[in-house]
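This report concerns only the one structure given below.
The values are calculated or read from the model by the stated rules, or taken from the named source; none is laboratory data. Just so we're clear, the structure is a prediction, and the values are computed from it rather than from any experiment. Methodologically, a virtual Cβ is constructed for each residue, glycine included, from the backbone with ideal geometry; neighbour enumeration extends over all protein chains shown. Accessible surface is based on the protein model in full, side chains and every heavy atom, while ligands, DNA and RNA are left aside. Shrake-Rupley method; radii C 1.70, N 1.55, O 1.52, S 1.80 Å.
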Amino acid sequence: MTHDHDLVLRPTAAQTEAALNPPPGRNGGDLVVETLTGLGATTVFGLPGQHALGMFDALRRSDLAYIGLRVENNAGFAADAYGRITGEAAPLLLSTGPGALTSLAALQEAAAASAPVLAISSQIPSAGLGGGRHGYLHELPDQQASFRGVVKSVHTVRTQSQIPSAIAEAWESALTAPHGPVWVEIPQDVLLAETSLPVVTAVDAAPHDLPPRPELTAVAAHLLSTAARPAIIAGGGVVRSDASGKLRQLAERLNAPVVTTFGGKGAFPWNHPLSLQSWLEDRHTTDFLEDADVLLVVGSGLGELSSNYYTFKPRGRVIQIEADLGKLESNHPALGIHADARLALSALLETVPEGTGPVREDTEAADRVRTVLDLVRERIDAQELTLEQRVLAAVREALPDRSASFWDMTILAYWAWSAFDARRPNTMHSAQGAGGLGYAFPAAIGGAVADPTHPVLAVSGDGGALYSIAELATARQHNLDVTWLIVDDGGYGILREYMTDAFGQATATELSRPDYVALAESFGVPGVRTTPDTLADDLAKSLATPGPSVVVLPALLRMFAPTHLD
């Protein structure tokens, strides 16, 4: 009897000849780039360093496109965005010690956002591994320990023959739900030594599926089908698994209102009659969700921001679909279904009977949604925040529907989380997963590389902009269609608000203000200073002009009042 796993593909005569006579002049770095190519990678991000030169030398003998950034953390943000947009594992090539460690904040964001980043770092020579203090340049006693609590998996290579398998294993890990960053480290001498190993060809590293257990799907389908007031919270897992269409089908079948988390922007149509939009930091929305007798949470852990700062206390039955086992029931008791969002929603659509929703009054759910949104609008309008709403509306007017936008941790982004219509899934991205500064512009670079057919927008405050100003050189070097909107209020605006509210005055929040237009022009990037009245036109013009550009808006924006403190 022959079993499928006994079948072995036999090499052809030509393949055997090529394997027995590999081309000369290859090193361990060639095995890295050959493996990446065999896995299907086309683009890598990174920054060279002394121990990693074997990898970078091998790039010139490969067909991989290299996008080199000026700071490792920014390279990590670019890879993060590339992974989010394409759904592919984004290779990130780094050097040992300081270079590797500088990427940690970006990898934390990738982990929080489930972005598939394949970080490959050099290591000190093999003789220095093991924890002794040998005094090598960049030496750490245990480099991988610095990453183990951040990335999804860690893979250490000690010989050249281990390189293809270690990278393939990491690739599979990065792309198995939940997606996430992974770490591979290879000693300098392994990368530099000449190799006689055959050229790496096609590599099989298919990610594992994560389907729901059928008995759990049956219970969830029964609860949803018999609910009087069902509601849905859609998180980033819906976007990452490309399940927006299935979410809409299920919501309409159940006649269930849907709110999207900040990471799930675009997962459900903004103006759909059942759309509660994204007003999660509003007590009216929180009250509505608490009143649901069955609440379906898909692709969200209901963390701090998604739970209105943990003030959300559901009274009905909760069903949680989550690919990250650590997030399952971590904040609320639920019928926990450990599964990929797309597969779980598909299973529910096969199990929840047609005609479930119309048994209820057809317009009841939509009427309740309109009531909530009207209450939210009344609350915001009462705070006299017309400038902020005008600015956000100008951005929406200027940005083409198919263009991706990347938002830093800044007041305008906090508005956008709740009030911005992303219009399409997987087009609005921010650093709200880990909350680090400096994300927007380098991420926009990665987004522009991922999809060069549409212009890309980055939005930063002046504080966050200075984290990544060097990447104007990268955008110019590669002539990327990235427009960078910098809202300049002379400091860390949100921290200024927090400190003033808490202590009556702010400390350490004010910043000297460079001339951002002149600074951009010094990189060969056109810049323009705008006003709230001219913002829409200036942004639209910059987005329509090929190549990078900077739009500077001097403005002091304010946040809407929180409701979780009431």
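For region 319-335, a residue qualifies if it is touching a residue at least 40 places away in the same chain (Cβ under 8 Å) and under 21 Å from Ala256 (Cα atoms), and the qualifying residues are Ile319, Ile321, Glu322, Leu335. Among the numbered conditions (1) over 29 Å from Gly438 (Cα atoms); (2) open to solvent by less than 40 Å² (accessible area, probe 1.4 Å), the only one that Thr156 does not meet is (2).
Any residue in region 297-318 that is under 25 Å from Ser244 (Cα atoms) sitting within a Cβ distance under 6 Å of a residue that is of a type in the set (Ser, Thr, Tyr) and not in a loop (DSSP other than H, G, I, E, B)? List the pairs, counting only those 6 or more apart or interchain. Pairs that qualify, where the first residue is under 25 Å from Ser244 (Cα atoms) and the partner is of a type in the set (Ser, Thr, Tyr) and not in a loop (DSSP other than H, G, I, E, B), are Asn308/Thr286; Phe312/Thr286.
Looking across Ala105, Ala174, one residue alone is within 30 Å of Ala440 (Cβ to Cβ) and open to solvent by 50 Å² or more (accessible area, probe 1.4 Å). It is Ala105. If I filter region 469-480 for residues that are in contact with a Lys or Arg (Cβ under 8 Å, 6 or more places away or on another chain) and open to solvent by 10 Å² or more (accessible area, probe 1.4 Å), do I get at least one hit? Yes - at least one qualifying residue is present in region 469-480.
Of all residues in region 544-555, which are touching a residue at least 24 places away in the same chain (Cβ under 8 Å), farther than 15 Å from Leu392 by Cβ and out of contact with any helix residue (DSSP H, G or I) (no Cβ under 6 Å at 6 or more places or on another chain)? If the condition is that a residue be touching a residue at least 24 places away in the same chain (Cβ under 8 Å), farther than 15 Å from Leu392 by Cβ and out of contact with any helix residue (DSSP H, G or I) (no Cβ under 6 Å at 6 or more places or on another chain), then Ala544, Pro546, Gly547, Pro554 are the ones that fit. Restricting the search to helices (runs of 4 or more DSSP H) fully inside region 341-437 and requiring at least 3 residues that are over 30 Å from Gly83 (Cβ atoms) gives 364-381, 386-398.
Given the conditions (1) touching a residue at least 12 places away in the same chain (Cβ under 8 Å); (2) surrounded by fewer than 22 Cβ atoms within 10 Å (Cβ to Cβ); (3) among the small types (Gly, Ala, Ser), report the number of the one that Gly527 does not fulfil. Condition not satisfied by Gly527: (2). Quick check on Asp189: is it charged (D, E, K, R) and in contact with a Leu (Cβ under 7 Å, 6 or more places away or on another chain)? No; evaluated as a whole, the condition is false for this residue.
The single condition from (1) part of a loop (DSSP other than H, G, I, E, B); (2) farther than 25 Å from Asp381 by Cβ; (3) open to solvent by 10 Å² or more (accessible area, probe 1.4 Å) that Leu305 fails is (2).
If only residues of region 126-159 that are closer than 17 Å to Gln188 by Cβ and polar (S, T, N, Q) are counted, the one that is modelled with the highest pLDDT is Thr159. For Val517, state whether it is open to solvent by 10 Å² or more (accessible area, probe 1.4 Å), β-branched (Val, Ile, Thr), part of a helix (DSSP H, G or I) and touching a His at 6+ places or on another chain (Cβ under 9 Å). Against the criterion (open to solvent by 10 Å² or more (accessible area, probe 1.4 Å), β-branched (Val, Ile, Thr), part of a helix (DSSP H, G or I) and touching a His at 6+ places or on another chain (Cβ under 9 Å)), Val517 does not qualify. None of Asp566, Asp501, Asp533 is open to solvent by 50 Å² or more (accessible area, probe 1.4 Å) and either at pLDDT 95 or above or closer than 17 Å to Leu412 by Cβ (or both) except Asp533. Quick check on region 427-448: of everything there that is of a type in the set (A, V, I, L, M, F, W, C) and surrounded by fewer than 24 Cβ atoms within 10 Å (Cβ to Cβ), which residue is farthest from Phe262 (Cα to Cα)? Taking the candidates together, the pick is Leu437. Looking for something in a helix (DSSP H, G or I), of a type in the set (Asp, Glu) and buried (at least 17 other Cβ atoms within 10 Å of the Cβ) - is there at least one such residue anywhere in region 537-548? Yes.
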